[in-house]
1. Could you please let me know if residue 118 is over 23 Å from residue 25 (Cβ atoms) and more than 9 Å from the chain's Cα centre (by Cα)?
2. When you scan the range 82-93, do you find a residue that is under 16 Å from the mean Cα position of the chain (by Cα), in a helix (DSSP H, G or I) and over 22 Å from residue 20 (Cα atoms), even just one?
3. What's the number of the condition residue 80 fails, among (1) farther than 17 Å from residue 119 by Cα; (2) of a type outside the set (Gly, Ala, Ser); (3) surrounded by fewer than 18 Cβ atoms within 10 Å (Cβ to Cβ)?
4. Can you tell me which residues in the range 67-85 are closer than 11 Å to residue 104 by Cβ and in contact (Cβ under 8 Å) with a residue 12 or more places away in the chain?
5. If you go through the range 84-111 one residue at a time, how many are under 15 Å from residue 70 (Cα atoms) and touching a Ser or Thr at 6+ places or on another chain (Cβ under 6 Å)?
6. With the condition kept exactly as written, say whether any residue in the range 100-109 is among the aliphatic types (A, V, I, L, M), modelled with pLDDT of 95 or more, under 19 Å from residue 31 (Cβ atoms) and surrounded by 15 or more Cβ atoms within 10 Å (Cβ to Cβ).
7. Condition first: surrounded by 14 or more Cβ atoms within 10 Å (Cβ to Cβ) and of a type in the set (S, T, N, Q). Now tell me which residues in the range 12-25 satisfy that.
8. Pick from the range 26-66 the residues that are free of Cβ contacts under 8 Å to residues at least 40 places away in the same chain, surrounded by 15 or more Cβ atoms within 10 Å (Cβ to Cβ) and not in a strand (DSSP E or B): which of them is farthest from the chain's Cα centre (by Cα)?
Amino acid sequence: MREQPGRRYLFPRHRRLLRSSQFERIYGQGHAIRRGPLLVHALPSECETRIGLSVSRKVGNAVIRNRIKRRLRDAFRRLQHDLPGRYDLVVTVRRHDPLSQTEYDRLLQNAADALHTRWTPPDQPTRD
């Protein structure tokens, strides 16, 4: 993933899901898909795509958990303009050895594409 000139690759506060009520709404009303060690829940959003991370202590010690969260935040920061649709995403991380940044980029993009396909209604056949 190469950053393109003219695009802003920031991760401002309004792009983050922070409240437990936001997480619960997405868990309850959204669809989920598993990609590798990531379980991604998505719910269509009226505003920009936002992300929330859930990394349990079962994943590893604080150093490992923070490394994984840092890589996932960076993957979202760089992919936010290329993700399909506008969704609130909650990424739950399962126990695994930390992956490379490229691998997290690929997993997040793949999960977002699959969830977008699930939320997008199929085209109705036209009658002549």
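The values are calculated or read from the model by the stated rules, or taken from the named source; none is laboratory data. What you are looking at is a predicted structure, and each value in this text was computed from that prediction instead of being measured. Cβ coordinates were reconstructed from backbone atoms using ideal geometry, including for glycine residues, and neighbour counts include every protein chain displayed.
1. On the way: over 23 Å from residue 25 (Cβ atoms): no; more than 9 Å from the chain's Cα centre (by Cα): yes.
The answer is no for residue 118.
2. No - not one qualifying residue is present in the range 82-93.
3. Residue 80 satisfies every listed condition except (3).
4. Step one: list which residues in the range 67-85 are closer than 11 Å to residue 104 by Cβ, which gives 67-76, 78-79.
Matches in the range 67-85: 67, 68, 69, 71, 72, 73, 74, 75, 76, 78, 79.
5. Residues in the range 84-111 being under 15 Å from residue 70 (Cα atoms) and touching a Ser or Thr at 6+ places or on another chain (Cβ under 6 Å): 1 in total.
6. So in the range 100-109, the residues among the aliphatic types (A, V, I, L, M) come out as 107-108.
Right, trim to modelled with pLDDT of 95 or more and you get 107-108.
Now drop any that are not under 19 Å from residue 31 (Cβ atoms), which leaves 107-108.
Among the residues that remain, those that are also surrounded by 15 or more Cβ atoms within 10 Å (Cβ to Cβ) are: 107-108.
Checked against the condition, which is being among the aliphatic types (A, V, I, L, M), modelled with pLDDT of 95 or more, under 19 Å from residue 31 (Cβ atoms) and surrounded by 15 or more Cβ atoms within 10 Å (Cβ to Cβ), the range 100-109 yields at least one hit.
7. 22
8. Within the range 26-66, the match that is farthest from the chain's Cα centre (by Cα) is 60.
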